[in-house]
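Below is one structure, written out as structure tokens; comments come after it.
The values are calculated or read from the model by the stated rules, or taken from the named source; none is laboratory data. Note that the structure is a prediction, hence the values are computed from the model and not measured. Cβ placement follows ideal geometry from the backbone for every residue including glycine, while neighbour counts extend to all protein chains displayed. Note: areas computed on protein heavy atoms with side chains; ligands, DNA, RNA excluded. Shrake-Rupley method; radii C 1.70, N 1.55, O 1.52, S 1.80 Å.
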Amino acid sequence: MDGVLVHEGRPVPGADEFIKRLRDSGKAFRVLTNNSIYTPRDLAVRLRAAGLDVPPESIWTSALATAQFLDDQRPGGSAYVVGEAGLTTALHEVGYVLTDLDPDYVVLGETRTYSFTQVTKAIRLIDNGARFIATNPDPVGPSIDGALPATGAVAALITKATGVEPYFVGKPNPIMMRTALNLLGGHSGTTAMIGDRMDTDIVCGMEAGLYTILVLTGVVQRDQIDRYPYRPSLVVNSVADLIDHI
């Protein structure tokens, strides 16, 4: 989503026509984000404010992928959550109980207000045997004032204190793309992934067996691509260049 359809809250030129063409074509699609703060309904409203008409059911977040993963692993389980509504809602919807009383998992997501008290509780629960899950490994997130510590950075703090590494569900873990693909009823051989990051989007799509398209409207510039030991299937300036490909 970020860097592909929107950039710093504003639509990427051509993104509105790209989404319209996708919807008119009848092709199934999902908009993916590692951000676990918001629910799909919240994100749909934010996208609409940017002029992009994406229904909530077409949005797949790391929070939803994490909830799906936990439901597959331990149905009806319990978790202590450090995160916001996007994550707690997703876990409630799969039937998870949110508790600090001997939970099966500690689940770390993203929040703008990480609480030292909550992080301390998470550390103690993990020390007592709770399994450690994190929605995504991004170390920092953007803000108007600059970088903010994100899930990956706080996960590193907890790991340092406990010696326990989390299992990250979001990108670049290909499980996030594969669960989205399953929801679409698609096949990796006939599905494309469009992203703006080599270290999360492209490697994730590649490992999930998808055709990968890098757009240059996010963090990676063309002269940086060769620094990586893998390449996208296609590089374009923006999604506007893909409209006629649909």
Completion exercise
Sole miss for Pro229 among (1) surrounded by 14 or more Cβ atoms within 10 Å (Cβ to Cβ); (2) over 24 Å from Arg23 (Cα atoms); (3) modelled with pLDDT of 95 or more is condition (1)
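Keeping to region 112-150, report how many residues are surrounded by fewer than 12 Cβ atoms within 10 Å (Cβ to Cβ) and without any contact (Cβ under 8 Å) to a residue 60 or more places away in the chain. Show your work before the answer.
Let us first name the residues in region 112-150 that are surrounded by fewer than 12 Cβ atoms within 10 Å (Cβ to Cβ), namely 112-113, 115-117, 128-129, 143-147.
If we keep only those that are without any contact (Cβ under 8 Å) to a residue 60 or more places away in the chain as well, we get 113, 115-117, 128-129, 143-147.
Of the residues in region 112-150, 11 are surrounded by fewer than 12 Cβ atoms within 10 Å (Cβ to Cβ) and without any contact (Cβ under 8 Å) to a residue 60 or more places away in the chain.
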Fill in the blank from the handout: Pairs returned, first residue in region 151-169 that is surrounded by fewer than 21 Cβ atoms within 10 Å (Cβ to Cβ), second residue that is of a type in the set (Asp, Glu) and assigned to a helix (DSSP H, G or I), beta-carbon separation under 6 angstrom, 6 or more apart or interchain, are Thr162/Asp127
Problem - Residue, farthest from the chain's Cα centre (by Cα), within region 181-223, restricted to residues that are under 12 Å from Val235 (Cα atoms) and open to solvent by 40 Å² or more (accessible area, probe 1.4 Å) - result: Asp223
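Starting from residues that are within 23 Å of Ala150 (Cα to Cα) and touching a residue at least 40 places away in the same chain (Cβ under 8 Å), keep the ones in region 170-179 and report whichever is surrounded by the fewest Cβ atoms within 10 Å (Cβ to Cβ). Break it down stepwise before answering.
Looking only at region 170-179, we keep the residues that are within 23 Å of Ala150 (Cα to Cα), and these are 170-177.
Next, only the ones that are touching a residue at least 40 places away in the same chain (Cβ under 8 Å) stay: 170-171, 175-177.
Numbers: Gly170: 28, Lys171: 28, Ile175: 20, Met176: 29, Met177: 27.
Ranking the qualifying residues of region 170-179, first place goes to Ile175.
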